[in-house]
């Protein structure tokens, strides 16, 4: 997978972890040389995008936009929200970022979480993926359910 990363925050983000996850996901789902664009933004920018694309006047942790042909898609992550959620779930920001990144990637391959059943299925798939492919990130204290 070809990965383009744009960090528009002042936070230092471990991009090696991001690349490892994207690469493992690409291998598992046989995505080949498709291109993925990943942007890290702050709360205000995320709130504006969430309002524009989802009609919700609030922040969210990630927005996923599917691509076409060799462009797999774009993920936009609110890193400040990731850090808040990490505290909420009693885990590291790195683990929460991994979980949300995998969640966004699952959206790009067609999974949805509009119902509670679909949401729980995506959480389970995401947590299992992290456990199998991201050994260093194991040990999350709490599930996302």
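The values are calculated or read from the model by the stated rules, or taken from the named source; none is laboratory data. If you're wondering where the values come from, they're calculated on a predicted model, not measured in any experiment. Reconstructed Cβ throughout: ideal geometry from the backbone, glycine too, with neighbour counts over all protein chains shown.
Numbers for the structure displayed
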item	result
The lone exception for residue 64 - which of (1) assigned to a helix (DSSP H, G or I); (2) in contact with a helix residue (DSSP H, G or I) (Cβ under 9 Å, 6 or more places away or on another chain); (3) at pLDDT 95 or above; (4) under 21 Å from residue 134 (Cβ atoms) it fails	(1)
Test result for residue 106, within 22 Å of residue 118 (Cα to Cα), touching a residue at least 60 places away in the same chain (Cβ under 8 Å) and in contact with a helix residue (DSSP H, G or I) (Cβ under 9 Å, 6 or more places away or on another chain)	no
Within the stretch 6-26, considering residues that are out of contact with any helix residue (DSSP H, G or I) (no Cβ under 9 Å at 6 or more places or on another chain) and in a loop (DSSP other than H, G, I, E, B), the one farthest from residue 126 (Cα to Cα)	10
Selection count, the stretch 67-86, where residues are touching a strand residue (DSSP E or B) at 6+ places or on another chain (Cβ under 9 Å) and either modelled with pLDDT under 95 or part of a strand (DSSP E or B) (or both)	9
Restricting the stretch 87-138 to residues that are outside any helix (DSSP H, G or I) and exposed (fewer than 12 other Cβ atoms within 10 Å of the Cβ), the residue that is modelled with the lowest pLDDT	138
Test set (1) surrounded by fewer than 17 Cβ atoms within 10 Å (Cβ to Cβ); (2) over 18 Å from residue 123 (Cβ atoms); (3) in contact (Cβ under 8 Å) with a residue 12 or more places away in the chain - residue 51 fails condition number	(3)
Residues that are touching a helix residue (DSSP H, G or I) at 6+ places or on another chain (Cβ under 6 Å) and either at positive phi or not in a helix (DSSP H, G or I) (or both), drawn from the stretch 37-57	40, 42, 56, 57
Residues located in the stretch 15-38, provided they are crowded, with 18+ Cβ neighbours inside 10 Å and farther than 19 Å from residue 109 by Cβ	none
